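Here it is, the structure, as structure tokens.
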Amino acid sequence: MATGAHASDDGTVSVDVQVETTIGRLPGVVAAFAGDPAKAPLWYANIKAVQWRTPPPVVVGSRMDFVAQFLGRRLVYTYEVAEWQPERLLVMRTTDGPFPMETTYAWQPAGEASTRMTLRNRGNPSGFSRLTAPVMERAMRRATTKDLARLKTMLEAGTPPGS
């Protein structure tokens, strides 16, 4: 799969970043924690707060507001759950905000007691030029890689904080 930053002829910038890791916990454990948007600030460095707009738990159509800090900008946006397969897949799309984005979490068994987690972010950020697209892609990849490493450390250490 080709991922990265791309600029079209009309100047529209698109980004597509995918990272993966193997976590030494069962898919149900990983998905229950990582797939709970309220827990995102515990393992995403750039996510500062999440507030549910619809009652939990996650179901298709659930909506929540995210507050993030990225590349020196404060971003506020609403995600809506587009697809939910418990312990397998969560797809969320922004419904408003400055950074139209789709975020996909996928969880697959990896051996007897581990999970292969894939995290993909793709979208068309406004306010960024084609010249800054590669910088944005690298920053997103670096942040997402660190976030998955933090999640892996937390889950493999036992019960994560706030769970």
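The values are calculated or read from the model by the stated rules, or taken from the named source; none is laboratory data. Model, not experiment: these values are computed from the prediction. Please note: Cβ atoms are built from the backbone with ideal geometry, for glycine as well, and neighbour counts cover all protein chains shown. When the accessible area is computed, the model is the full protein with side chains, heavy atoms only, and any ligands, DNA or RNA have been set aside. Shrake-Rupley method; radii C 1.70, N 1.55, O 1.52, S 1.80 Å.
First measure r as the distance between the Cβ atoms of Arg53 and Gln85, then evaluate 1/(1 + (r/R0)^6) with R0 = 25 Å and state the FRET efficiency to the nearest 0.05.
Details: r = 22 Å, r/R0 = 0.87.
Efficiency computed from Cβ-Cβ geometry: 0.70.
To continue, here is another question. Would you tally the net charge around Leu155, using a Cβ to Cβ cut-off of less than 12 Å, leaving Leu155 out, and scoring K and R as +1, D and E as -1?
Details: positive: Arg25, Lys39, Arg150, Lys152; negative: Glu156.
Net local charge, Leu155 excluded: +3.
Here is a further query. Around Thr54, with a cut-off of 13 angstrom between Cβ atoms, what is the net charge of the other residues, counting Lys and Arg +1 and Asp and Glu -1?
With Lys, Arg at +1 and Asp, Glu at -1, the neighbours total 0.
Here's a follow-up. Given the Cα-Cα distance of Ala110 and Arg74 and 0.36 nm per residue of separation, how much length would full extension add, in nm?
Working: separation 36, 0.36 × 36 = 12.96 nm, distance 3.64 nm.
Taking Ala110 through Arg74 to full extension adds about 9.3 nm, to one decimal.
With a 1.4 Å probe and every protein chain left in place, work out the accessible area per residue of region 19-128 in Å², rounded to a whole number. List each step's numbers first, then the result.
Details: 5160 Å² over 110 residues.
With all protein chains present, region 19-128 gives 47 Å² per residue.
Work out how much length Asp96 to Arg142 would gain on full extension: take 0.36 nm times their residue separation and subtract the Cα-Cα distance, in nm to one decimal.
Working: separation 46, 0.36 × 46 = 16.56 nm, distance 2.47 nm.
Fully extending the segment from Asp96 to Arg142 adds 14.1 nm.
Okay, next question. For a quick check: with amide H placed at 1.01 Å from N, whose amide H comes under 5 Å from Phe70's, ignoring anything fewer than 5 positions away on the same chain?
Under 5 Å from the amide H of Phe70 lie the amide H atoms of Leu75, each far enough along the sequence or on another chain.
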